[in-house]
Amino acid sequence: MSDVTNRVRGNLAFIEPYKPGLSDETLRRELGNRRIVKLNSNENALGPSPLAIEAIRKELPRLHLYPDGASDLVREAIAHHHGVSSEQVLVGNGSDDIIKLISETFLEPGDEIVVPHPSFSQYGFGAQVMDANIRAVPLRSDFTYDVDALAEAVTSRTKILYLCTPNNPTGTVLKQSEFESLMARVPEDVFVVVDMAYDNYALAEDRLRLRSEELRRGNVGFLFTFSKLYGLAGLRVGYLVANADVVQFIHRVREPFNVNRVAQVGAIAALQDIEHVRRSQALASEARFQYGRLAEQGIRVVPSEANFCLVEVGDGRAVFESLMRRAILVRTGFRGLESYVRITFGTREENDACIAALLDVVRNPR
C-alpha cells in the first residue's frame, strides 16, 4: 500500500496544533450534569449581543443563499465605526484566519517574524505553516513590553512584527509612547500587526489605540474580533484595519465566502449594540476589583486591562486539575507560565465561586 505522507511538506512535522480551551460538549462528557463555571476561553459571560441574536433570527430563512463574498456590508459598518474607508478593512473567519492570511501574503521559507513572549500562539503557527522562523522576545518580569528588545530583534529577514495589546495571556498593554518609540526603529518594510482583540475592555488612558494617523505609516495593521466583547465567538468574525494597498494584497489569498451569512449580519448588528457593550465593560471592571483582592491573601494577580487575569498559584497544572474537579474551568499550560493560571472574568457569582475555590486549593493542596 502506498504512503503519501512522505510527500507532506517537511516543516509540518514541527507544528503543534492549537489546543483551545475545553468545549461545552467535552465538559459535559467529563463532568456530567454538574453546573460548570467556564472561565477558560475569554468568552463574554453576558453572552452574545441581543441585537445580533435578533438579526440572526431574521436571517435564518435565507441560509440557502451564499453570503456576500467580500463581506462588503460588514466592511462598510466597520469602516464607519472606526472612521476609515472600507478599502482599509478586511474581514475574516475570526482573527486566526486573518493571521494565517497575513502569513500567506508576506512569508516565504527562511523569513522571520518577531513576537512577544508569552503571547498568542497563532502568530507562530502562521509562520510555521509558511516555513518561516520565529524570534520570540520575552516580556519584562512584570509582563510589560520590552520595546528595546523588540526593536533589536528585527533583522533584515524580518517580515512581520506582532504586538498584542492587551496581551494574551498577561492582560498587559503597550503604551502609545512605547509604540511610537518602537516604530521609529522598525524598518518601513516590516509589517507591524497590532492585535487588539481585548482593547474594548481596556481603560488605561496612555495605551496604544487605533488612530487614523497610524494607518498613514503604511506598514501597520490593527486586528480586532467580535468574539470577545460582542460575545460572538461561535460565529468567528475578525477583521483587520490597515493600509488599503496591504489589504488588497491579502485579499488575493483570501478564500471567497470566508465569512458566513449569519456571522455577517450578526457582526453588523453587534456594532450597534451600545447597551451590551456598556454592560460587558462594566462587568469586566467589577471583576478586576474582585480578583484584585486576591493580593490581600498573598496571591499575585497580574494587573489586567482585558477580560481575564493571570494568577500565580505555584503549580498551574495541579491547580487547574483541582479546580476542574470542582467543575470550575480555568486555563493553564502557557509555555513559560507553568506557575500561573489564566482566569476569564465571569459573572459576579462565578467569580466569587472561583476565588473561593482557588483560595482553598492554594492553601490546602492535595
Charges on Cβ only, +1 for Lys and Arg, -1 for Asp and Glu, centred on the Cα centroid of the chain; of N200, L294, V265, which one is farthest towards the dipole's positive end?
L294
Rounded to a whole number, what is D in µm²/s for the stretch 125-166 from Stokes-Einstein with the Kirkwood radius over alpha-carbon pairs (20 °C, 1.002 mPa s)?
185 µm²/s
Counting only heavy atoms of protein chains, what accessible area per residue, in Å², does the chain have with a probe of 1.4 Å?
47 Å²
Computed magnitude of the charge dipole of the chain (debye, nearest 20; Cβ of K, R +1, Cβ of D, E -1)
1040 debye
Given the options S156, S86, S103, state which has the largest fluctuation in a GNM of the chain using a 10 Å cut-off (strictly under) for Cα springs.
S156
How many nm is it between the label spots at S121 and A149, if each spot is 7 Å from the Cα in line with the beta carbon?
2.1 nm
Please name whichever of V37, F14, V247 sits farthest to the positive end of the charge dipole of the chain, dipole taken about the Cα centre and charges placed at Cβ: Lys and Arg +1, Asp and Glu -1.
V37
Taking a ≥ b ≥ c as the square roots of the Cα gyration tensor eigenvalues, with a/c under 1.5 meaning rounded and otherwise prolate when a/b beats b/c or oblate if not, the stretch 41-185 comes out prolate
Cβ under 15 Å from G94's Cβ, G94 left aside: what net charge do those residues give with Lys, Arg +1 and Asp, Glu -1?
-1
Quick one: what are the phi-derived ³J(HN,Hα) couplings along the stretch 240-256, Karplus 6.51/-1.76/1.60 with θ = phi - 60°, whole Hz, x for glycine and proline?
10, 10, 7, 4, 4, 5, 5, 4, 5, 6, 5, 4, 5, 9, 7, 6, x
P(r), alpha carbons of the stretch 189-276 - 5 Å bins starting at zero, rounded %
3, 12, 20, 22, 21, 15, 6, 1, 0
Given Cβ charges of +1 for Lys and Arg and -1 for Asp and Glu, the option among Y230, G316, V74 whose Cα lies farthest towards the positive end of the dipole of the chain is G316
Where the eigenvalues come from the Cα gyration tensor of the chain, what are the semi-axes √(5λ) of the equivalent ellipsoid, largest first, in whole Å?
31, 26, 23
Counting all C-alpha pairs of the stretch 158-223, share separated by more than 13 Å (%)
61 percent
Give the separation of the Cα centroids, the stretch 243-293 to the stretch 76-102, in Å.
10 Å
Taking the stretch 262-366, how much of its Cα-Cα pair set, in percent, is spaced more than 18 angstrom apart?
52 percent
With charges set only on the Cβ (+1 for Lys and Arg, -1 for Asp and Glu), what does the dipole of the stretch 250-366 come to about its Cα centre, in debye to the nearest 20?
320 debye
For the stretch 126-154 and the stretch 161-211, compute the distance between their C-alpha centroids and round to whole Å.
13 Å
Considering only L12, L294, L271, give the residue with the highest GNM mean-square fluctuation for the chain, with springs between Cα atoms whenever their separation is below 10 Å.
L12
Is the stretch 78-157 rounded, prolate or oblate when judged by the Cα gyration tensor, a ≥ b ≥ c being the square roots of its eigenvalues, rounded requiring a/c under 1.5 and prolate requiring a/b larger than b/c?
oblate
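The values are calculated or read from the model by the stated rules, or taken from the named source; none is laboratory data. These numbers were taken from a predicted model, which means no experiment stands behind them. Cβ coordinates were reconstructed from backbone atoms using ideal geometry, including for glycine residues, and neighbour counts include every protein chain displayed. Quick note on the areas: whole protein, heavy atoms, side chains included, nothing else; ligands and nucleic acids left out. Shrake-Rupley method; radii C 1.70, N 1.55, O 1.52, S 1.80 Å.
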